[in-house]
Amino acid sequence: MKQRELILDVPSMQTLWQKYSSALLTFIFWVLWFFLWMPVITALAWYFGFEIMYLEMFEMSGYQAVIRSFLNFLLVVFLLGGALASWAGYNYIRFKGKDKRSTPMQVSTQQQADYLNTNEHLLSEFQHQQRLSVSFDDHGAISKIAPCQTAENQLKTSDD
């Protein structure tokens, strides 16, 4: 009888309970990791004046203004999200089943060669090269195309 592997390599085969328990364990250990860093975080916060922020926010009830602002922020986020969802739904209904894209025009080898200012034979060689050196003139047009020597070919020619 073949022994089963201890590590599950395919998460899609996990049961819902396994997925949730894994997520819960991950969360617990992240919280534990955070608490291990608390002394460093506390020292940095103390150094950067967290005491003043604590006084303003908690002892003088400044957090209430933050909560009011946060609720306004959530309202704006939901309104913008709703507007985006409405626009996406409108476009889905409007363009559903209508493919406006067209297939690209077929270009012959001669047309490509004319565009690159070369002949069909050289173009065919260029298409089989791994690396090319392309030079441009002052107006941005291609002025020269030449195959680059690979390091392997350079070694062969230097050994000869």
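Table for the structure above
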quantity: Those trypsin sites (Lys or Arg not before Pro) in segment 80-140 that DSSP places in a loop and that have at most 14 other beta carbons within 10 Å; calculated: 96, 98, 100, 101, 131
quantity: Among 139, 22, 43 - extreme Cα towards positive end, dipole of the chain, charges at beta-carbon; calculated: 22
quantity: Of 122, 57, 74, farthest towards positive along the dipole that unit charges on Lys, Arg, Asp, Glu beta carbons give segment 54-122; calculated: 74
quantity: Kyte-Doolittle mean at least 1.0, axial Cα span of 24 Å or more - DSSP H helices of the chain; calculated: 16-47, 63-95
quantity: Charged-residue dipole, Cβ positions (Lys, Arg, Asp, Glu), segment 37-160 about Cα centre, Debye nearest 20; calculated: 920
quantity: Max mean-square fluctuation residue, GNM over the chain, Cα-Cα springs under 10 Å, options 145, 93, 67; calculated: 145
quantity: Shape of segment 50-160, Cα gyration tensor, a/c cut at 1.5; calculated: oblate
quantity: GNM result for the chain, Cα springs below 10 Å: residue of 91, 72, 119 fluctuating most strongly; calculated: 119
quantity: Within a Gaussian network of the chain (alpha carbon springs, distance under 10 Å), most fluctuating of 43, 83, 146; calculated: 146
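No lab work stands behind these numbers, since they all come straight from the coordinates. Please read all numbers here as calculations on a predicted model, not as lab measurements. Positions of Cβ are backbone-derived with ideal geometry, glycine not excepted, and every protein chain shown enters the neighbour counts.
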